[in-house]
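In what follows, a single structure is set out as structure tokens and then discussed.
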2 protein chains.
Amino acid sequence: MENFTFYSPTYFMFGKEAENKTGSLVKRFGGSKVLIHYGGGSVVRSGLLDRVKDSLTKEGIGFAELGGVRPNPRSGLVYEGIELCKKEKVDFILAVGGGSTIDSSKAIAAGVLYSGDFWDFYSGKLIEEALPVGTILTIAAAGSEGSPDSVITREEDMMKRGATGDAIRPKFSILNPALTQTLPAFQSACGITDIMAHLYERYLTNSKEVEVTDRLIEALLLTMKHEGPRVIEDPDNYEARANIMWAGMMAHNNSCGVGRTQDWNSHNIEHELSALYDVAHGAGLAVTMPAVFKYVMKHNIMRFAQVAVRVWGCSMDFENPEATALEGINRLADFLTSIGMPRNFAELGANEADIPTLVENLCCGNGREGSISGFVTLDKEDCTKIYRMMV
Amino acid sequence: MENFTFYSPTYFMFGKEAENKTGSLVKRFGGSKVLIHYGGGSVVRSGLLDRVKDSLTKEGIGFAELGGVRPNPRSGLVYEGIELCKKEKVDFILAVGGGSTIDSSKAIAAGVLYSGDFWDFYSGKLIEEALPVGTILTIAAAGSEGSPDSVITREEDMMKRGATGDAIRPKFSILNPALTQTLPAFQSACGITDIMAHLYERYLTNSKEVEVTDRLIEALLLTMKHEGPRVIEDPDNYEARANIMWAGMMAHNNSCGVGRTQDWNSHNIEHELSALYDVAHGAGLAVTMPAVFKYVMKHNIMRFAQVAVRVWGCSMDFENPEATALEGINRLADFLTSIGMPRNFAELGANEADIPTLVENLCCGNGREGSISGFVTLDKEDCTKIYRMMV
């Protein structure tokens, strides 16, 4: 096991009607004037936004509003949010939505207290100071509700990049599984895929002797395998939603990823797809993961055999472990198809002719020098082959 | 799943030589004058205390010292610590040791800022204010390094009781697995048993649809089953120590116990044993758990069958699930014996003639009215039968 630090100070309030505690939580964490940041009309139509405003008003907390966050959140709205916060003297950012809204909120929170261009943080600068952020989660997926990370797409060149820093960890996150019951099946499935990807990215490690985190990751994958199809079949299943929601947080607050090197190449390879085609991140991951895993499998057959046996219920082929490893990847792919995810470029809406552009952006964009590193270091030739496997 | 809140803001620094960061961590969390609280001579002899003092001195942090914490920590030393802190104007408590030292430190931290008798907190009063506490852990066991709990024994009547409050959660905890390599095998085994008990207490729930926390608990039990014997066989196995150390924290910071009712009757029943005989808590639990589980098994056979199959590798007997449930309990008991734990009153040093006293203290002491509640509510007759099963 590698040396590590772990710090997850977010206060989680989980359960039915938890959003009615928003006002008291903002107060507890020092907010007096809030920017409510959200996406489309669903939080308005469902009445959630009104309940949140009521809760703030009851505690005497003022607010400004900024809607319009879209999936793969953009830099333009972040600049707008920063200006609005300065003008309205906002001292707390409240994200009402999913990972995109939370990531946009984190970017605004960091940008308000920074004299330079907020994009500096998305070019490698650590976020050391930010307005406090709270979240009300409406989709179990990104894990941003318990993470110090944010991903934003710069509009002028569609560059999608991440920033990090403990300063943008949410002070509190409200997780009410009932709020996710109105999601369309496709979005629920994208969330399930994203959570499973966060687990696989941590599972694919070059560290030795990491039994405890292996087992924790497998536990969360088993949960997703059991609960995912239940949610797709019955969107109103509160209990299945609840199990997925906690798994989604635990998958990404890093309690199951500490002390081990991690991969993240599936995310890197996917980010170019969602940046170029504006496809849902989860859908992109569903196409990306099986291709990446088959390409890198031989780097550590036993690791892929282990997850095949422990999570996917494969029988170990002791004469040919590679067959077991491959069967586990195929079962993952079949699982993702079964919940409605795309399998290839065509289903995703991606275009084979763009592969050189995808590879160029991936391996040479934003300071990279011809390759991406993780479980296996992948150069332009490797990445070209992987994208071709998805066609 | 039940509604819940979860809050685990402790900063963990994990790995080799992590204790050399003590000074900077105390500084980060606002300490300028520290009480170093510890147990016996081993932290002195090993040189750990000197390294800690060097680290504090380098950061210009002053300190007072109070050693002498013993297993099942006593109220007398807590009173002494409170007085010392007031006299020395201490503003930070640093625990160097195991669960007993950490629990004693938490009691002192709460007592210093309280005008009444600190025992009020161990009689049901919530701890809302305390000096900040940091820990340097020397045994993986109690999980106190990441919990808001403390257990102290009152000397005049040997009453062993717990207190809780977010205010006594450690601000930081330093977890260096190498510090646990010098532990005698018996103490290592007691720690392993205590960690497994923390997991079983959470596993025995009356909540339905708790797949995610079931799976997480099973993951940690599987880790203990794999790594426990490796540590007993080879005390210097850093990797096995590391896996157990993180499992011990995760077993008790409640990330795997949220949203479900929990048991804690094995702990309650054991506490009377360690209070009366001053036996090691883990050793007492090894004798207690199998008896309690066999007694309450029929309350939910499928729950015991599930852990038997998923953790202990039993084959499910679909015609007779009770046989599977019982086999799982027997495998747990055999496992504990295999790592050197006692099986019965005689091996523990307990006396059958004391059972009426144990039952009276257990069911009627400290405000209880004839029973203890948990997975199953147990009255005096039940508890008498359970203690007799241990003879």
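The values are calculated or read from the model by the stated rules, or taken from the named source; none is laboratory data. What you see is a predicted model; the values in this text were computed from it and never measured. Don't worry about glycine lacking a Cβ; one is built from the backbone with ideal geometry, like all the others, and counts go over all protein chains shown.
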Kindly establish whether residue B:101 is within 14 Å of chain A (Cβ to nearest Cβ) and either part of a helix (DSSP H, G or I) or of a type outside the set (Asp, Glu) (or both). no
Condition test on residue A:83, is it of a type in the set (Asp, Glu) and either farther than 30 Å from residue A:157 by Cα or surrounded by 15 or more Cβ atoms within 10 Å (Cβ to Cβ) (or both)? no
Checked pairs for segment A:23-45, first closer than 19 Å to residue A:58 by Cα, second among the charged types (D, E, K, R) and assigned to a helix (DSSP H, G or I), C-beta under 7 Å and 6 or more apart or across chains, list as A:23/A:58; A:33/A:88
Members of segment A:139-159 that are of a type in the set (D, E, K, R) and buried (at least 24 other Cβ atoms within 10 Å of the Cβ): A:145
What single numbered condition from (1) within 14 Å of chain A (Cβ to nearest Cβ); (2) within 29 Å of residue B:278 (Cβ to Cβ); (3) among the charged types (D, E, K, R) fails to hold for residue B:157? (1)
Of all residues in segment B:304-320 being touching an Asp or Glu at 6+ places or on another chain (Cβ under 9 Å) and β-branched (Val, Ile, Thr), the one that is farthest from residue B:376 (Cα to Cα): B:311
Which residues, taken from segment A:329-347, are surrounded by fewer than 16 Cβ atoms within 10 Å (Cβ to Cβ) and either of a type in the set (Val, Ile, Thr) or modelled with pLDDT under 95 (or both)? A:337
Among A:15, A:60, A:68, A:47, which is on the phi > 0 side of the Ramachandran plot and within 14 Å of another protein chain (Cβ to nearest Cβ)? A:15
What do you reckon, is residue B:350 in the same structural domain as residue B:261 (by TED's automatic domain parsing) and either surrounded by 19 or more Cβ atoms within 10 Å (Cβ to Cβ) or under 20 Å from residue B:205 (Cα atoms) (or both)? yes
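Matching residues to (1) in contact with a helix residue (DSSP H, G or I) (Cβ under 7 Å, 6 or more places away or on another chain); (2) assigned to a helix (DSSP H, G or I); (3) under 30 Å from residue A:230 (Cα atoms):
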residue: B:170; (1), (2), (3): yes, no, no
residue: B:178; (1), (2), (3): yes, yes, no
residue: B:201; (1), (2), (3): yes, yes, yes
residue: B:206; (1), (2), (3): no, no, yes
residue: B:215; (1), (2), (3): yes, yes, yes
residue: B:221; (1), (2), (3): yes, yes, yes
residue: B:227; (1), (2), (3): yes, yes, no
residue: B:241; (1), (2), (3): yes, yes, no
residue: B:256; (1), (2), (3): yes, no, yes
Hey, residue B:134 surrounded by 20 or more Cβ atoms within 10 Å (Cβ to Cβ) and either under 19 Å from residue B:40 (Cβ atoms) or among the β-branched types (Val, Ile, Thr) (or both) or not: no
Got a number for residues in segment A:226-239 being surrounded by fewer than 24 Cβ atoms within 10 Å (Cβ to Cβ) and either more than 10 Å from chain B (Cβ to nearest Cβ) or among the small types (Gly, Ala, Ser) (or both)? 6
Here is a check on your reading of the model: is residue B:313 of a type in the set (Gly, Ala, Ser) and modelled with pLDDT of 95 or more? yes
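Residues checked against (1) over 18 Å from the mean Cα position of the chain (by Cα); (2) part of a helix (DSSP H, G or I); (3) free of Cβ contacts under 8 Å to residues at least 40 places away in the same chain; (4) at the interface with chain B (Cβ under 10 Å from one of its Cβ atoms):
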| position | (1), (2), (3), (4) |
| --- | --- |
| A:224 | no, yes, yes, yes |
| A:246 | no, yes, no, yes |
| A:249 | no, yes, no, yes |
| A:262 | no, no, no, no |
I'm trying to understand the selection: among the residues of segment B:153-168, which are closer than 19 Å to residue B:360 by Cα and either within 17 Å of the chain's Cα centre (by Cα) or assigned to a strand (DSSP E or B) (or both)? B:153, B:154, B:159, B:160, B:161, B:162
Residue A:191 passes all but one of (1) assigned by TED's automatic domain parsing to the domain that holds residue A:243; (2) part of a loop (DSSP other than H, G, I, E, B); which number fails? (2)
I need the full set of residues from segment A:353-387 which are part of a helix (DSSP H, G or I) and either touching a helix residue (DSSP H, G or I) at 6+ places or on another chain (Cβ under 6 Å) or outside the structural domain of residue A:291 (by TED's automatic domain parsing) (or both), in order please. A:355, A:358, A:359, A:361, A:362, A:363, A:380, A:383, A:384, A:386, A:387
Identify the residue in segment A:267-323 that is crowded, with 22+ Cβ neighbours inside 10 Å and among the hydroxyl-bearing types (Ser, Thr, Tyr) and, among all such residues, is farthest from residue A:203 (Cα to Cα). A:274
